[in-house]
Amino acid sequence: MQSAEKSDYASYAQALFSVSIDVNLRIMPSHTERMREMIRAGIIGSTGYAGQELVRILLGHKDVEIKWYGSRSYIDQAYASVFQNMFQLVPDICKGEDLEQLCEEVDVVFTATPQGLCSSLVSENVLSKVKVIDLSADFRIKDVDTYEKWYGIKHQSPQFIKEAVYGLCEMNREKIKKARLIANPGCYPTCSFLSIYPLAKAGLIDMKSVIVDAKSGTSGAGRGAKVANLYCEVNESIKAYGVATHRHTPEIEEQLSYASGQEAVINFTPHLVPMNRGILVTAYANLVKDVTEEEIRKIYEDAYKEEQFVRFLNAGVCPETRWVEGSNYVDVNVKVDERTHRVIMMGAMDNLVKGAAGQAVQNMNLMFGFDEAEGLHQIPMLP
């Protein structure tokens with residue numbers, strides 16, 4: 001190649017390279033721009049079990065940055081000093097519960113707190129600035145009197161109850177996408193409802209004959225120190241509690257009533273078992289018409305065939321908590337007892353994931369237009 005030709009080629013290549021760089025700079029966002037596009041999250045109650053599970057899940061979410069680790073008990077302490085599993089993963093310190101300040105710094109607020117706190121903090125000013133996902137029961141029950149009767153406290157912001165969307169993604173997906181305020185469902189209600197829902201909706205069971213027998217690990221009682229939850233009180237034992245009085249009863253009844261189009265009245269009895277996490281539900285109901293197990297299985301298959309987090313098991317396989325531990329999956333199955341003309345509906349899930357933090361993140365994904373499963377691809381842990 002002649003010297004002049006080499007010079008022309010070099011000039012052409014340099015010009016082409018410059019154009020390519022310019023185009024790439026115009027098309028590809030800078031690191032700073034990408035960071036701005038990330039959703040900023042704040043967690044009030046980040047040092048409880050559900051709050052810590054939110055942290056674990058959100059740290060693996062590609063579109064979220066946690067900006068606020070709220071805690072009433074550990075203000076100004078390093079978050080990793082409270083949960084050593086977060087050592088070198090979370091350098092932040094714990095902050096307080098000032099929701100008005102928090103909503104100036106984030107796009108979404110999770111409140112993983114006891115009943116009554118979120119309703120005392122939420123306001124029109126807050127909801128005009130951020131989306132709120134409440135993991136307590138404050139906005140789950142639409143009737144204020146029912147809430148106050150079962151929870152024994154006065155509701156602090158009943159004006160937002162009607163607006164709040166019950167955050168069971170499998171049922172209310174489109175409403176969740178448009179919501180400002182999400183009432184994240186309770187752990188027992190989630191597992192109970194998803195186990196029963198297909199037959200309630202199909203009108204095949206007597207909604208006043210439903211019995212829900214449920215078992216939960218001790219993390220469902222929270223992280224606070226209680227004598228009843230001490231190791232020696234729980235280990236090598238199983239007990240019923242909240243018999244005929246458990247506060248999740250009206251929530252389950254309300255959602256089953258919506259699904260069936262008729263009043264649901266249930267017996268709900270939870271049990272505490274000596275394991276860290278997990279919920280197992282076995283529910284029973286009278287069939288209102290003759291139907292085969294094959295027909296019922298088809299109803300479940302149709303109900304959940306598009307749901308990535310509800311796994312309808314093969315015939316004869318009973319759900320087990322160990323098959324869903326650490327994941328956002330709910331395993332369900334059903335069995336017809338022809339002798340008694342009753343149906344047995346079963347479900348298993350992790351109470352801290354699909355029963356709390358995982359479901360909250362699933363709601364957040366829908367609210368911000370992300371892939372619904374983003375950050376929730378954890379494979380169940382075994383053993």
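What follows is calculated from the coordinates using simple rules that are stated; it is not laboratory data. Worth saying up front: this structure is predicted, and the values here are computed from it rather than measured. Heads up, the Cβs are rebuilt from the backbone with ideal geometry, glycines too, and the neighbour counts pull from every protein chain shown.
Structural remarks
- Share, in percent, of DSSP beta bridges within the chain that are antiparallel, nearest 5: 45
- Against the chain, whose longest principal axis is taken from its Cα atoms, helix 3-27 shows a tilt of about 30°.
- Cut-off under 5 Å, modelled amide H: who pairs with Gly167 long-range: Ala183, Asn184
- Computed [θ] at 222 nm, deg cm²/dmol, the chain (DSSP H ≥ 4; -39,500 (n - 2.57); rounded to nearest 500): -9500 deg cm²/dmol
- Scaling against 2.2 N^0.38 Å puts the C-alpha radius of gyration of region 284-338 at 1.23.
- Cross-link reach is defined here as a Cα-Cα straight distance under 18 Å, omitting same-chain residues fewer than 8 places apart; for Lys142 the aspartates and glutamates meeting it are Asp134, Glu163, Glu251, Glu253, Glu254, Glu263.
- Helix 49-58 vs. the chain, principal-axis angle (Cα, 0 to 90°, nearest 10): 30
- Put simply, the amide H of Ile93, placed in the peptide plane, has neighbours under 5 Å in Tyr79, leaving out anything fewer than 5 places away on its chain.
- Annotation: region 38-163 has a Kirkwood hydrodynamic radius of 15.1 angstrom, from the mean reciprocal C-alpha pair distance.
- Derived from the Cα gyration tensor, the three semi-axes of the equivalent ellipsoid of region 227-369 are 26, 21, 17 Å, largest first.
- All Cα-Cα separations within the chain were binned at 10 Å from zero, giving a P(r) of 5, 22, 30, 22, 10, 5, 3, 2, 1, 0, each value a whole percent of the pairs.
- Close amide H pairs (under 5 Å, H built 1.01 Å from N) link Val64 with Ile39, residues at least 5 positions away or on another chain.
- In sequence order, calculated HN-Hα J values of region 291-304 (Karplus, 6.51, -1.76, 1.60; Hz; x Gly/Pro): 8, 7, 5, 4, 5, 5, 4, 5, 5, 5, 4, 5, 5, 10
- Of all lysines in the structure, the ones whose alpha carbon falls short of 22 Å from that of Lys335, not counting any fewer than 8 places away in one chain, are Lys201, Lys208, Lys215, Lys289, Lys298, Lys305.
- Residues Asn286 and Gln159, FRET efficiency given R0 of 56 Å [Cβ-Cβ distance, rounded to 0.05]: 0.90
- Karplus-derived HN-Hα couplings along region 152-169 (A = 6.51, B = -1.76, C = 1.60, θ = phi - 60°), whole Hz, x at Gly and Pro: x, 9, 7, 6, 8, 8, x, 5, 9, 5, 4, 6, 4, 9, 5, x, 8, 4
- Helix axis angle, 187-202 relative to the chain longest principal axis, alpha carbon, degrees: 70
- Across region 64-77, rounded Karplus estimates of 3J(HN,Hα) from the backbone phi angles (6.51 cos²θ - 1.76 cosθ + 1.60, θ = phi - 60°) give 10, 10, 7, 10, 8, 9, x, 7, 6, 8, 10, 4, 6, 8 Hz, Gly and Pro being marked x.
- Only Lys, Arg (+1) and Asp, Glu (-1) charged, at Cβ; the chain dipole about Cα centre in debye: 420
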